[in-house]
Amino acid sequence: MTKPPLTLCLAAPRGFCAGVDRAIRIVEMALEKWGAPVYVRHEIVHNKYVVDDLRARGAVFVEELDDCPDDRPVIFSAHGVPKSVPREAARREMLFVDATCPLVSKVHIEAGRHHEAGLQIVMIGHAGHPETVGTMGQLPPGEVLLVETPEDVTTLTVRDPARLAYVTQTTLSVDDTAGIVAALRARFPAITGPHKEDICYATTNRQAAVKAMAARVEAMLVVGAPNSSNSRRLVEVGARAGCSYAQLVQRAADIDWRALRGAASIGVTAGASAPEVLVNEVIDAFRARYDVTIEEIETARENVEFKVPRALRA
């Protein structure tokens, strides 16, 4: 049988960002330097394929420091951790390496400076997300207040409306965050914002690529994990930008082929923690069913690279 024609649009940029690439390299280099097992507090990045691959090489993923022995290295995930975690690791004289993304660390430093200046912090983020937990955990209880929606701003109780600053999770929807910031500024005109946008370059670039692609495709697949904030935001951005069908898939096996039946153009992108091998797997699955023409929609080029900690370079 003749395969039906299909235009597969690939968003660029997509997939791994510099912070994710750095975090994975940290685990790989730690295994090379110290041998297995190396413990990792929380998933190093939110992607099952990546985590399973590192686990097969000797990484042991745990949720809390209590689950780690004192005599093996432990790595803190790219999402960041509360200050209490490295403090406890130091007390136990553990060998630990912090794989927190430098752009998340920038937010931590920012929050600390505002606190030193006597400001109470409002954090725009998702409750329970490791990055939000880590950022809020940089300061004493009550010093960081969490808002998730513009409606949360209306009920926010602050210490002094004239002494406020806000920070954000780095993986949020750019448009949603703008709405929350507008609500904060309307209610608290004196609130201080970040010197430079907290939402990271990779999140912003991937969302812009999805917006550019959405008008040109009938359906869109985002390769990423269900617990990946930036991947889920890409699905939402695609739907809001006019794509009638936008779906998150972890692997090619998750594709709902019935939902795509009849589509002549489909967009594919990947969250910042999804490796390109999974995108290629999806492309191969389409090629098995369609006569595929690949079209890349590029909106930015990225050349960011972050160094690994000195302990691993030595």
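With respect to Ala272, determine if the residue is surrounded by 12 or more Cβ atoms within 10 Å (Cβ to Cβ) and closer than 14 Å to Lys3 by Cβ.
No, not satisfied.
Among the residues of region 188-199, is any within 18 Å of Cys101 (Cβ to Cβ), touching a residue at least 40 places away in the same chain (Cβ under 8 Å), within 19 Å of the chain's Cα centre (by Cα) and buried (at least 21 other Cβ atoms within 10 Å of the Cβ)? The answer is yes; a qualifying residue exists. Scanning region 284-314 for residues that are in contact with a strand residue (DSSP E or B) (Cβ under 9 Å, 6 or more places away or on another chain) and not charged (D, E, K, R) returns Phe286, Tyr290, Val292, Thr293, Ile294, Ile297, Thr299, Ala300, Val308, Pro309, Ala311, Leu312. Tell me yes or no: at least one residue of region 25-35 is farther than 21 Å from Arg310 by Cβ and surrounded by 15 or more Cβ atoms within 10 Å (Cβ to Cβ). No, every residue in region 25-35 fails to be farther than 21 Å from Arg310 by Cβ and surrounded by 15 or more Cβ atoms within 10 Å (Cβ to Cβ). The one condition from (1) surrounded by fewer than 20 Cβ atoms within 10 Å (Cβ to Cβ); (2) over 21 Å from His126 (Cβ atoms); (3) β-branched (Val, Ile, Thr) that Val217 does not meet is (1).
In region 18-54, what count of residues is obtained for those that are in a helix (DSSP H, G or I) and not aliphatic (A, V, I, L, M)?
Selection size over region 18-54: 12.
Look through region 1-20, keep the residues that are surrounded by fewer than 20 Cβ atoms within 10 Å (Cβ to Cβ) and not small (Gly, Ala, Ser), and return whichever of them is nearest to Pro226 (Cα to Cα). Looking at residues that are surrounded by fewer than 20 Cβ atoms within 10 Å (Cβ to Cβ) and not small (Gly, Ala, Ser), I get Leu10.
What do you reckon, is Val85 in contact (Cβ under 8 Å) with a residue 40 or more places away in the chain, closer than 22 Å to Cys200 by Cα and of a type outside the set (Phe, Trp, Tyr)? Criteria not met by Val85.
Scanning region 162-177 for any residue that is of a type outside the set (Val, Ile, Thr) and closer than 26 Å to Val40 by Cβ turns up at least one such residue. Going by the structure shown, is Ser244 closer than 30 Å to Val292 by Cβ and at pLDDT below 95? Here the answer is yes, as Ser244 does meet what is asked. Checking each residue in region 250-301 for being in contact (Cβ under 8 Å) with a residue 60 or more places away in the chain, assigned to a loop (DSSP other than H, G, I, E, B) and over 19 Å from the mean Cα position of the chain (by Cα) picks out Ala263, Ala264, Tyr290, Thr299.
Among the residues of region 224-249, those that are touching a residue at least 40 places away in the same chain (Cβ under 8 Å) and polar (S, T, N, Q) comprise Asn227, Ser228, Ser229, Asn230, Ser231.
Checked against the criterion of being in contact with a helix residue (DSSP H, G or I) (Cβ under 9 Å, 6 or more places away or on another chain) and not assigned by TED's automatic domain parsing to the domain that holds Cys243, the candidates Leu312, Leu278 yield just one match: Leu312. Criterion first (at pLDDT 95 or above, within 22 Å of Ala111 (Cα to Cα) and crowded, with 21+ Cβ neighbours inside 10 Å) does Gln207 satisfy it? No; evaluated as a whole, the condition is false for this residue.
The values are calculated or read from the model by the stated rules, or taken from the named source; none is laboratory data. Remember, it's a predicted structure, so these values are computed and weren't measured experimentally. Positions of Cβ are backbone-derived with ideal geometry, glycine not excepted, and every protein chain shown enters the neighbour counts.
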